[in-house]
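See below for the structure under consideration.
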Amino acid sequence: MYELQDVNKKIKKSLKKVGIGNKSSGSYVLDNENIFLNLINERYKKKLVITDIREGLKKYPWIKKYFWKLIEKNENNLTKKINNDLNGGYFIWIKKDAKINLPISSCLLISSDNYEQKVHNLIIAEEGSEAKILTGCTEHNYVNNAKHIGLTEIFLEKNAKLNFTMVHSWKEDTIVRPITRVELKEKSEFVNNYVCLTKVKDIKMNPKIICKGKNSKAISNSIILSKKDSSIDIGTTIDLMGENSNGEIKSRVVGSGSSKTIVRGRLNGKNKCKGHMECNGILISKDASIHAIPELDAKNNKAELSHEASVGKINQKEIDYLMTRGLSKENATNLIISGFINANFLKLPKKIEKMISLVFKKHLNLTEKHII
């Protein structure tokens, strides 16, 4: 079993930044392009495969029919770069009817200045399987001017259920460009959680989830703490193609400093389906900005799509009330923010929720009792 105490202090510190804790069913850590850790709990050896994508393509030739299926090699300059110079990435194979109780964990690390990490990840959840994946992307504290480009293709077969949580913890001079595509078959369910809590130079991402199968369901949740002069442009697109498919997009954003955050959401109703999106933002600085862009596109008269969005500042009455209870203005503000971006919103397993709450605590300077 993978134990965090067996990892060297430098790697351990970086794993904690993205909420990865002590135990998992399978673990993968990539440091630049070197595989640092690749282990599977003995209990799950017959139910799960997790390995480097380069090794996976050699050992399991059949996965080539999935690799580059949802993302085109020549789609843009980023995909061309990865196709020409792949640094690694994880291959996760959750086998038929497998029920993985412990989270599957992965971490993509950068350990060199001016390094451009190029990874391509592939996840296959076979029919009837259930699992939770926690993946973190970060760099060591001493690294400067890094760039991360990550492609991820995810396939859910019939009746598969997958909860996928990505936590980003970058430095203020890092550029991040993830591209994610997901395909859902009949009665499959996918939950996509994205958490960004640190100041970052520039992130652009817009994962696309294709509900291809009948009665498939996709939920996308985002929590963003936008700091200093960060530039963050994130979104989710859900294609509701299958009959009676269902999609939900929810985002919560806190804008501080002079950060600029764009939150996009798009629901494409191409069959009889239901979809709803919400974007809620709090501005705690007069120089920060949050721009919500919800889009609904119904191409079937039985599609039911809706959205709501709100952006504003913290209610002064709430701060005043908490100050009458003995809190300073700073602690009162942090308490309100921590409630707004509470990890309960993501509906994660308790162990993962607790780890992410500790990350919240660090970046909001909260005491333990202020984590709601």
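Selection of the range 143-177 for residues being basic (Lys, Arg) and closer than 18 Å to ASN193 by Cβ yields only LYS161. With the structure loaded, tell me whether SER106 is modelled with pLDDT under 95, farther than 20 Å from THR165 by Cβ and in contact with a strand residue (DSSP E or B) (Cβ under 6 Å, 6 or more places away or on another chain) or whether it fails that test. Against the criterion (modelled with pLDDT under 95, farther than 20 Å from THR165 by Cβ and in contact with a strand residue (DSSP E or B) (Cβ under 6 Å, 6 or more places away or on another chain)), SER106 does not qualify.
Regarding ALA309, is this residue in a strand (DSSP E or B), surrounded by fewer than 18 Cβ atoms within 10 Å (Cβ to Cβ) and in contact (Cβ under 8 Å) with a residue 24 or more places away in the chain? Yes; evaluated as a whole, the condition is true for this residue. Scanning the range 134-174 for residues that are surrounded by fewer than 22 Cβ atoms within 10 Å (Cβ to Cβ), of a type in the set (A, V, I, L, M) and modelled with pLDDT under 95 yields a single hit, VAL143. Every listed requirement among (1) in contact (Cβ under 8 Å) with a residue 40 or more places away in the chain; (2) within 30 Å of GLY213 (Cα to Cα); (3) surrounded by fewer than 20 Cβ atoms within 10 Å (Cβ to Cβ) is met by ARG264 save one, (3).
Among the candidates ILE92, ILE104, ILE110, single out the residue that is touching a His at 6+ places or on another chain (Cβ under 8 Å) and closer than 18 Å to PHE36 by Cα. None of the other options fit; the residue is ILE110.
In the condition set (1) farther than 18 Å from ALA292 by Cα; (2) modelled with pLDDT under 95, ILE210 is compliant with all but (2).
Only one entry of ASP52, ASP97 meets the criterion of being more than 17 Å from ASN32 (Cα to Cα), assigned by TED's automatic domain parsing to the domain that holds TYR28, of a type in the set (Asp, Glu) and in contact with a Gly (Cβ under 7 Å, 6 or more places away or on another chain), and that entry is ASP97. Scan LEU156, LEU162, LEU151 and give me the residue that is farther than 21 Å from GLY242 by Cβ and assigned by TED's automatic domain parsing to the domain that holds GLY257. Sole residue among the options that is farther than 21 Å from GLY242 by Cβ and assigned by TED's automatic domain parsing to the domain that holds GLY257: LEU151. Can you report the number of residues in the range 197-211 which are closer than 29 Å to LEU305 by Cβ and either outside the structural domain of LYS260 (by TED's automatic domain parsing) or touching a Ser or Thr at 6+ places or on another chain (Cβ under 8 Å) (or both)? Residues meeting the conditions: 7. Taking residues in the range 57-71 that are more than 12 Å from ILE124 (Cα to Cα), and partners anywhere that are part of a loop (DSSP other than H, G, I, E, B), the pairs with Cβ atoms closer than 8 Å and at least 6 places apart or on different chains are LEU57/PHE67. Out of the residues in the range 72-101 that are within 21 Å of ALA125 (Cα to Cα) and β-branched (Val, Ile, Thr), which is surrounded by the most Cβ atoms within 10 Å (Cβ to Cβ)? If we take residues in the range 72-101 being within 21 Å of ALA125 (Cα to Cα) and β-branched (Val, Ile, Thr), then ILE94 is surrounded by the most Cβ atoms within 10 Å (Cβ to Cβ). Only one of the listed residues (LEU78, LEU37) is at pLDDT 85 or above and either hydrophobic (A, V, I, L, M, F, W, C) or farther than 30 Å from ASP239 by Cα (or both). That residue is LEU78.
Rundown of residues vs (1) within 22 Å of THR138 (Cα to Cα); (2) within 18 Å of the chain's Cα centre (by Cα), yes/no style:
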| site | (1), (2) |
| --- | --- |
| GLU186 | no, no |
| THR198 | yes, yes |
| CYS211 | no, no |
| ASN221 | yes, yes |
| ASP229 | yes, no |
| MET241 | no, no |
| SER251 | yes, yes |
| CYS279 | no, yes |
| SER285 | no, no |
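The values are calculated or read from the model by the stated rules, or taken from the named source; none is laboratory data. No experiment lies behind these values; they were computed from the predicted model shown. Positions of Cβ are backbone-derived with ideal geometry, glycine not excepted, and every protein chain shown enters the neighbour counts.
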